[in-house]
Amino acid sequence: MAGRSPVVLNQIGALVGERIAAHPSRPTVLRHEDGRPPWDIPDGVEVLLTRPLIGWDAAPAARPAGWGRGLRWIQSASTGMDVYPPWLLDGAPLVTCARGVSAVPIAEYVLAAVLAFEKRLDAVRLRGPEDWRRETLGGLSGRRLGLAGFGAIGQAVAERARAFGMSVGAVRRSGWTGPETGPEVEPFDRLEDLIAVSDHLVLALPLTAATRGVVSADLLTRAKPGLHLINVARGALVDQEALLAAIETGRIAGATLDVTEPEPLPAGHPFYRHPAIRLTPHLSWSAPDVEPRLAERILANLDAYARGEPLRDVVDVQAGY
């Protein structure tokens, strides 16, 4: 690739486009046309920078004729690849993702959710002298936080939870082959065992065929009574009807859900009005420095691409993330 000036189609945003255009490889950066399907790639494009929520959910089931012709590299602004049609990965050129770019703001969101649950600041807020009463607030020290997933997000959550004196356990789909967690995180082999001892359980798993609906009615029956569930991954990891039933029976004390299935939930859905469920509009990843961090990640990969060297954060096509 050395010495070449790649043609890049930018579907991510202006800041990324400006940074890429200034790269020493002197790429030609094309801006995505409003209203044009994201899979409709102009001839001559070899690098596609793309992201969710620009129309990929309306992609055809079958690969369009000519798709991928000339493409050598696809960079996604997201970590999860479930937002794209399967044919994007099936026989596609090299695909990389934004693994870890939003790990810090997501971890901060998780700790904010844990604190809000334990300290109940909304519930004890005074609106007049008639509300004045003494109550005992919860705490984080000594509480168990469980992590379903121990990638960049899980590790960032664990670091911050330990600073609050929480004990942390984790499971991961690839299993444990050594002391990957370090001395302060207890490895678990089964989610059933982790949920049984956790006060707060964080879902930080990719959505794949194997993880869809992993938080099932059966799993929830195994939860430690009073569990607080936090989902910052994908809504489809959770059987939402089973979760609602578990909250209604008191087995689950509450849930903080930044993601749901679908998004947004339809008007009148019981999650909107349930006092034990806190919904947010899939924004746990957001922070002022996320887009610059993404641009830096893409630039580093563009450096490698121009030199013909291996790229970072290549998606495992078989695993789907």
Checklist entry - Here are Gly70, Gly17, Gly91, Gly80: which of them is surrounded by 13 or more Cβ atoms within 10 Å (Cβ to Cβ), farther than 18 Å from Asp313 by Cβ and either of a type in the set (Phe, Trp, Tyr) or within 26 Å of the chain's Cα centre (by Cα) (or both)? => result Gly17
Checklist entry - Where in region 198-280 are there strands (runs of 3 or more DSSP E), lying wholly inside it, with at least 2 residues that are open to solvent by less than 10 Å² (accessible area, probe 1.4 Å)? => result 200-203, 227-231, 252-257
Item to check | Top-ranked residue of region 295-314 - restricted to ones that are out of contact with any Lys or Arg (no Cβ under 9 Å at 6 or more places or on another chain) and hydrophobic (A, V, I, L, M, F, W, C), ranked as surrounded by the most Cβ atoms within 10 Å (Cβ to Cβ) | outcome: Leu302
Next on the checklist: Please determine whether any residue of region 203-226 is touching a residue at least 12 places away in the same chain (Cβ under 8 Å) and touching a His at 6+ places or on another chain (Cβ under 9 Å).
Outcome noted: no
Item to check | Residue that is farthest from His282 (Cα to Cα) [pool: residues in region 59-94 that are at pLDDT 95 or above and not in a loop (DSSP other than H, G, I, E, B)] | outcome: Trp73
Checklist entry - Which condition number in (1) touching a Phe, Trp or Tyr at 6+ places or on another chain (Cβ under 8 Å); (2) assigned to a loop (DSSP other than H, G, I, E, B); (3) under 18 Å from Leu205 (Cβ atoms) is the one that Ile106 fails? => result (2)
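The values are calculated or read from the model by the stated rules, or taken from the named source; none is laboratory data. None of the values given here were measured: they were computed from a predicted structure. All Cβ positions, glycine included, derive from the backbone under ideal geometry; neighbour counts span all protein chains shown. Ligands, DNA and RNA are excluded from the accessible area calculation, which covers all protein heavy atoms including side chains. Shrake-Rupley method; radii C 1.70, N 1.55, O 1.52, S 1.80 Å.
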